[in-house]
1. I need the full set of residues from the range A:208-224 which are more than 16 Å from the chain's Cα centre (by Cα) and surrounded by 14 or more Cβ atoms within 10 Å (Cβ to Cβ), in order please.
2. A:LEU204 - would you say it is under 22 Å from A:LEU131 (Cα atoms), touching a strand residue (DSSP E or B) at 6+ places or on another chain (Cβ under 9 Å) and surrounded by 14 or more Cβ atoms within 10 Å (Cβ to Cβ)?
3. Residue under question is B:ALA286, and the condition is that it be at pLDDT 85 or above, under 17 Å from B:ASN154 (Cβ atoms) and not in a loop (DSSP other than H, G, I, E, B); does it hold?
4. So A:ILE129 fits all but one of (1) assigned to a strand (DSSP E or B); (2) touching a His at 6+ places or on another chain (Cβ under 6 Å); what number is the exception?
5. Mind telling me which of the residues A:GLU135, A:GLU160 ends up being in contact with an Asp or Glu (Cβ under 6 Å, 6 or more places away or on another chain) and among the acidic types (Asp, Glu)?
6. Any residue in the range A:1-18 that's closer than 17 Å to B:SER8 by Cβ and more than 7 Å from chain B (Cβ to nearest Cβ): show its pairings with residues that are surrounded by fewer than 20 Cβ atoms within 10 Å (Cβ to Cβ) and not charged (D, E, K, R) at Cβ separation under 7 Å, as long as the two are six or more apart or on different chains.
7. Picking from A:TYR203, A:TYR218, which residue would you name as being within 24 Å of A:HIS159 (Cβ to Cβ) and at pLDDT below 95?
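The values are calculated or read from the model by the stated rules, or taken from the named source; none is laboratory data. Note that the coordinates shown come from a computational prediction; the quantities given were computed from them, not determined experimentally. Counting neighbours? That spans all protein chains shown, and the Cβs are built from the backbone with ideal geometry, glycine included.
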Amino acid sequence: MLCELITNNTHNNNTALYKCYNSNKVFYRKAAFSHWGNKVIDNENKGYEWFYKDTGTVIETILRKKYFYELDIPEFKGKKFSSESVISGNEKIIEMIIDFYKGKWSTKDVFAIHGDLALCNFIIDKRNIKLVDWEHFHYSDKEFFGYDIINMLFIFIYHESKRTFRLSKRNRDFLRKCYIQLIEGVENSNKILEKPFQNSKAYLLKFADRFLINTNIYKKFVLSGSPLSVLEHFDSIVTK
Amino acid sequence: MLVPQINSTNLSSAVGLGLIGFNENDIAVDYGCILFDSFVYTSRLCKKVVGIIPSSERLNTLQKRLVEEDVKNCDLVNANYNEQHFNEVFDCVIINSFLEQLIIEIKHDKTIFFDSKIRDKKRYNSPEKIRIGFFETIYKGLRPGGTLYLSYANKLRIRTLLLFIKLAIESFFTAISLKKAPSFISLLNAIYLFSYYLLSQEGLEKLLKANGFIDIEKYAVFPDHKYPLKIIPLSKLDECSFEPVQYISREGSLRRISAGIKRRVDRLVFNKFKLFDLSPSFIITARKAS
């Protein structure tokens, strides 16, 4: 079997991602290189289990608990996206993801957070949506419904504005449209949607340990390091 | 199944060994034990690992590290490679950065790495001969079907490139004078080095085949083989994507600028022209025929 090393120790996660070529079959393998890496991989597997549960789909991941854990993940067919994707040109996809989130996350008995929901972690084949990279998966209270989407929107803002946080009117209108799509039918007790960006940052910092991060949180998540004034600004744009 | 420790060191620098896929019952040997993390990583995933270290100083350092890591399934031998004659014992032979050390030793008679008491006395052996002797030894030690893992830096490329740049500058500035003679000699020298470099890349694979190894796979490694961030199998170049990778450095604007330039050059060299023979390091895996 031939392997290609895709990433190694990203954000000090003590794991590596290989792409493996075995005869005609291609799959990905995430391997740990420390006990911390084992925790990350175990957690990732739980994320996949949660994602696939109740879908009627067979869980296609294989977890091997050797001294250092290994997780084999199938290669999902479909369109992949850059980690620096912007809003412009991806509007339809973003709306589709919010729809998908609302359908998938609200029907689950146990609420969970992906933790790093970004367009680059989606693989989309027509209407078939697969979600990868569940390292930061954790269970949470349903009152935090929406966190993942708000985090994803903020990543879009970050890249769209080239880190200046200045957006065109068209993009601002689109953000507001996304927010309305997300809050439709959400319970009043929700703790994210009143001041979505500020409250999402508060969630991230308060429950940082749930995200299994082995580096400075400000380096990993752009939302966590963004000034309050910026978040207030975007809160006012989407909730006005 | 082995039970993980509560706290264990991050051995991410040993990521190249993930290409092998160790089994719990494997017995491995590490010639040189240059990279301690790789040795510890192998001990975690194999039944046993044997380390052959020519330097007693390095042996002591590694012993301390193994005590810290609570590694018990290992044997360390303070000897040169050609003093060990194993017969079909090992499932895997690991050679990390050791070829370069051997060549340096032979070429310059350096005692930095080897203890004088066990240093190879045959100083006049050419590097090629040493390599052949080395491969014969490791081949005998491997069981049929066993795996060879070899990692080494592509050191000659920088040297060659610098020589060509030097020559280009010299030929530009040198007037028609007697200075042309040494310039011409250094040009020949550079051509020789360049051809040696190209030949040694192919030669190494030929050497492995000549020594009975099969299923030889060569990988380009970035930024280097001591802490790989990207490894590309050269037989799958069409299916792999290359994006420049560098160790993160935030110190100083000059470093950031040079890192930016390097990224652009890497994109040009590896993405556009696919000159993977110029990769900073290589890994070779091969198998002894069953």
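1. The one that is more than 16 Å from the chain's Cα centre (by Cα) and surrounded by 14 or more Cβ atoms within 10 Å (Cβ to Cβ): A:ASN214.
2. No: the conditions fail for A:LEU204.
3. No: the conditions fail for B:ALA286.
4. (2)
5. Of A:GLU135, A:GLU160, the one residue that is in contact with an Asp or Glu (Cβ under 6 Å, 6 or more places away or on another chain) and among the acidic types (Asp, Glu) is A:GLU135.
6. A:ASN12/A:ASN214; A:ASN12/A:THR215; A:ASN13/A:ASN214
7. Exactly one of A:TYR203, A:TYR218 is within 24 Å of A:HIS159 (Cβ to Cβ) and at pLDDT below 95, namely A:TYR218.
Rundown of residues vs (1) of a type in the set (A, V, I, L, M); (2) crowded, with 16+ Cβ neighbours inside 10 Å, yes/no style:
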site	(1), (2)
A:MET1	yes, no
A:ASN9	no, yes
A:ASN13	no, yes
A:LYS19	no, yes
A:VAL26	yes, no
A:SER34	no, yes
A:VAL40	yes, yes
A:TYR52	no, no
